Every structure is written in structure tokens, then in C-alpha cells.
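The values are calculated or read from the model by the stated rules, or taken from the named source; none is laboratory data. Everything quoted here is computed from the prediction, not taken from an experiment. For neighbour counting, all protein chains shown are included, and Cβ atoms are generated from backbone atoms with ideal geometry for every residue, glycine included. Calculation scope for accessible area: heavy atoms of the full protein, side chains included, ligands and nucleic acids excluded. Shrake-Rupley method; radii C 1.70, N 1.55, O 1.52, S 1.80 Å.
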Amino acid sequence: MMQNFERRRDRFELFNRMDSPAVNLSFTMDLPDFRPWCKAQGLPPFHVLLCAVLRSILKVENFRYRIFEGEVICIDRLTPSYTVVNQHHDLNFAQFAWSDELREFVARSLVAREEASSMAGLNDTYQGMSPRECKNQVFVTCIPWLDFTSIQHPMASVGSPDIPSLAWGKFRNGANGRLQLPFSVQAHHGFVDGYHIHHLAQTIAAELSELMS
């Protein structure tokens, strides 16, 4: 699998030498309107979209590259996590174990949300992860109140943005029964170009269509 990375190792080395090798792109995501299907199935749209997004990450190889102990690796699993708001309107983190089955994925996600949103202090369960396990993450946040046009994600190290950061915002009705929302992708430019972000968006739309079929 890493032979695909080797084809672009020179691009990785180019961007990895830069003070900030991150690419950060915000755009309008166009999706099939899956909200009526979610309502009929008794499933919350955010958690269905989260499942579709993370399944899509696993299908687009460039979003699975990480840097570990100075070497590029390709992860084959994800630990789902995302931001929530607690009773004081402060940010917290929800994290749960992966499931391939949609309803079980959503059920685990809902439990994690309730646990994290009920905490006054910061949920620090992620600190129990090993450095290698931390690489099985994608940072996800949702800002459902805003139709944003850009976002800057925090990074532990400006020089190492190898774990992608994703954000989406307020849903709005699109043309011909479609759904639109602002979507942002931040990733290491040595791994991900504009084409791969486009491909991810297409894959998410296809994943939602498949879930509803």
C-alpha cells in the first residue's frame, strides 16, 4: 500500500520542510438530503453524517497517512471522536469505539456525546491513548449555528499537521432536493492536495447514498 505514498514522497519532503505544511480549505459541500431518511429511520443526522465522513476517510488513502516516530505510516482503523458542548456551553470531547454497523455506530456515538456533554471538566480519556493509538484519529468539529466560510484549527505542532481536522456547519436546503453545508478540511499537504479533498467530498456523498439504499 505504501507504494502509493512513495510516488509522492518528494512532494511530502517538500512540504514537510516548511514551517507549516498544512493545507486548509473550506468549501460548500453538496450532498443528497439524507435528513428525511434519518427521520424515517429514527437516526440523528449529525451522527449519520459522522459515520459517512469517517467511512469515507478510510476509503481515501491519502487521508490515512500519518507520521509516527519520523516515518510515514498508513493507518487502517479510526477511533471516532468529535467536539460537543456541555451544560456551560464549553467545548468537550466525545470518543468511542468504532463499529462497522450504522446503528451501533450511532448508538455508541450518542452515549459518548451524553457522557462528554454532562462533564464540567475536560474529558481527558484521549490521554490514555498511546502515541501510536493517537494516530488513529481524525479531529472532527461541528458548528451547526454558523454558515462559516473559513476556519483555522489549533495544532499541537504547526510543523506536524498529519492528523486531519474536519469541520462542518449549518445545513441549508440546496437545489433539486439536495443539502448544502460549509465543510472544512485541514491536512498535511505532503499527503493531501486539492484533488483529494474533492475526492473525499464525492466519497462522502456516495457513502450517504449507499447508506440510504
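In segment 141-152, is there at least one residue being among the aromatic types (Phe, Trp, Tyr), under 30 Å from residue 9 (Cα atoms), open to solvent by 80 Å² or more (accessible area, probe 1.4 Å) and without any contact (Cβ under 8 Å) to a residue 40 or more places away in the chain?
Taking every residue of segment 141-152 in turn, none turns out to be among the aromatic types (Phe, Trp, Tyr), under 30 Å from residue 9 (Cα atoms), open to solvent by 80 Å² or more (accessible area, probe 1.4 Å) and without any contact (Cβ under 8 Å) to a residue 40 or more places away in the chain.
Whether any residue in segment 126-139 is in a helix (DSSP H, G or I), closer than 29 Å to residue 180 by Cα, within 19 Å of the chain's Cα centre (by Cα) and without any contact (Cβ under 8 Å) to a residue 40 or more places away in the chain is what I want to check.
no
Go through segment 163-201 and count every residue that is part of a loop (DSSP other than H, G, I, E, B) and open to solvent by 10 Å² or more (accessible area, probe 1.4 Å).
Looking only at that region, the number is 6.
Which condition does residue 66 not pass, out of (1) touching a residue at least 12 places away in the same chain (Cβ under 8 Å); (2) assigned to a helix (DSSP H, G or I), if it passes all the others?
Of (1) touching a residue at least 12 places away in the same chain (Cβ under 8 Å); (2) assigned to a helix (DSSP H, G or I), only one is false for residue 66: (2).
Test of understanding: among 111, 106, which residue is touching a residue at least 40 places away in the same chain (Cβ under 8 Å) and of a type in the set (A, V, I, L, M, F, W, C)?
Only one candidate qualifies: 106.
Output the residue which, of all residues in segment 24-67 that are of a type in the set (Phe, Trp, Tyr) and open to solvent by less than 50 Å² (accessible area, probe 1.4 Å), is farthest from the chain's Cα centre (by Cα).
Selected residue: 34.
Given the conditions (1) over 25 Å from residue 42 (Cα atoms); (2) of a type in the set (Phe, Trp, Tyr); (3) modelled with pLDDT of 95 or more, report the number of the one that residue 82 does not fulfil.
Just one mismatch for residue 82, condition (1).
Can you tell me which residue within segment 112-125, out of those that are part of a loop (DSSP other than H, G, I, E, B) and of a type outside the set (D, E, K, R), is most open to solvent (accessible area, probe 1.4 Å)?
Step by step, filter segment 112-125, then rank; the result is 122.
Of all residues in segment 19-46, count the ones that are of a type in the set (A, V, I, L, M, F, W, C) and free of Cβ contacts under 8 Å to residues at least 40 places away in the same chain.
Total satisfying the criteria: 2.
Restricting to segment 76-96, count the residues that are part of a strand (DSSP E or B) and among the polar types (S, T, N, Q).
Qualifying residue count for the region: 4.
So in segment 85-111, with the set limited to residues that are in contact with a strand residue (DSSP E or B) (Cβ under 8 Å, 6 or more places away or on another chain) and open to solvent by less than 30 Å² (accessible area, probe 1.4 Å), which one is modelled with the lowest pLDDT?
86
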